[in-house]
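K.L.:
Below you will find the structure I want to go over with you.
The values are calculated or read from the model by the stated rules, or taken from the named source; none is laboratory data. Everything numeric in this text was worked out from a predicted model, so none of it was measured. Glycine also receives a Cβ, built like all others from the backbone with ideal geometry; neighbour counts cover every protein chain displayed. Ligands, DNA and RNA are stripped out before the accessible areas are found, and what is left, the full protein with its side chains, is counted by its heavy atoms. Shrake-Rupley method; radii C 1.70, N 1.55, O 1.52, S 1.80 Å.
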Amino acid sequence: TAFLSWTRRPFDLRAVSRRLQGLVGEVVEYNCAGLQYLDIVRGQIRLGFFTRLMPWDHAAGVLLVSEAGGYAAHLDGRAYDLDPGRAGLMVAAGEGLWREAHGLLMERADVAAAVRGEAAGQGAAAVS
């Protein structure tokens, strides 16, 4: 299962959801980053994708997931930091899943453009 919830969308949410469904199955929407992180740690979802990157929404969750054996990084491949201006953050139950999902997402021109800074916007999404 996956979760998606965005405030502003720098890419086509439906297309991203379809792309991730093939990897993780069901895609669902959340409106609370804290619950998404807990569900990743609990094994209820396998992947979270965020475009709204306020530190108070993610700093503790990234630490929690990392300590539980998960993996988090920005879509440009850099480790999570407190910069809310990045194109996206993906959090996964493991690094292998993160890399596989990242490869699928980067095949989309709109996602790749956002990572390069060619599109503005913030939002949040997750996948399990």
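K.L.:
Which residues, taken from the stretch 73-88, are in contact (Cβ under 8 Å) with a residue 24 or more places away in the chain, assigned to a loop (DSSP other than H, G, I, E, B) and closer than 17 Å to His102 by Cβ?
P.N.:
Answer for the stretch 73-88, where residues must be in contact (Cβ under 8 Å) with a residue 24 or more places away in the chain, assigned to a loop (DSSP other than H, G, I, E, B) and closer than 17 Å to His102 by Cβ: Leu75, Asp76, Gly77, Arg86, Ala87, Gly88.
K.L.:
What are the residue pairs meeting all of these: first residue in the stretch 110-122, first residue under 17 Å from Leu82 (Cα atoms) and part of a loop (DSSP other than H, G, I, E, B), second residue at pLDDT 70 or above and of a type in the set (Val, Ile, Thr), Cβ atoms under 9 Å, and 6 or more apart or on different chains?
P.N.:
Filtered contacts from the stretch 110-122: Gly121/Thr51; Gln122/Thr51.
K.L.:
Anything in the stretch 71-88 that is farther than 12 Å from Leu105 by Cβ, at pLDDT below 90 and of a type in the set (A, V, I, L, M)? List them, or say none.
P.N.:
Residue satisfying the conditions is Leu82 alone.
K.L.:
Which condition number does Val65 fail, the rest of (1) at pLDDT below 75; (2) in a helix (DSSP H, G or I) being met?
P.N.:
Of (1) at pLDDT below 75; (2) in a helix (DSSP H, G or I), only one is false for Val65: (1).
K.L.:
Say whether the condition of being buried (at least 23 other Cβ atoms within 10 Å of the Cβ), at pLDDT 90 or above and assigned to a strand (DSSP E or B) is met by at least one residue in the stretch 91-101.
P.N.:
yes
K.L.:
When the stretch 77-90 is examined, which residues are found to be open to solvent by 70 Å² or more (accessible area, probe 1.4 Å) and in contact with a helix residue (DSSP H, G or I) (Cβ under 7 Å, 6 or more places away or on another chain)?
P.N.:
Leu82
K.L.:
Please enumerate the residues belonging to the stretch 36-53 that are assigned to a loop (DSSP other than H, G, I, E, B), at negative phi and open to solvent by 20 Å² or more (accessible area, probe 1.4 Å).
P.N.:
Residues of the stretch 36-53 that are assigned to a loop (DSSP other than H, G, I, E, B), as a first pass: 43-46, 51-53.
Retained after the next criterion (residues that are at negative phi): 44-46, 51-53.
Those that are assigned to a loop (DSSP other than H, G, I, E, B), at negative phi and open to solvent by 20 Å² or more (accessible area, probe 1.4 Å): Gln44, Arg46, Arg52.
K.L.:
Given the conditions (1) farther than 21 Å from Gln21 by Cβ; (2) open to solvent by less than 20 Å² (accessible area, probe 1.4 Å); (3) hydrophobic (A, V, I, L, M, F, W, C), which single one is not true for Ala59?
P.N.:
Just one mismatch for Ala59, condition (2).
K.L.:
Mind checking which residues of the stretch 22-35 are of a type in the set (Val, Ile, Thr) and either modelled with pLDDT of 80 or more or surrounded by fewer than 24 Cβ atoms within 10 Å (Cβ to Cβ) (or both)? Please lay out each step first, then the result.
P.N.:
If we filter the stretch 22-35 for residues that are of a type in the set (Val, Ile, Thr), which is where we start, we get 24, 27-28.
Matches in the stretch 22-35: Val24, Val28.
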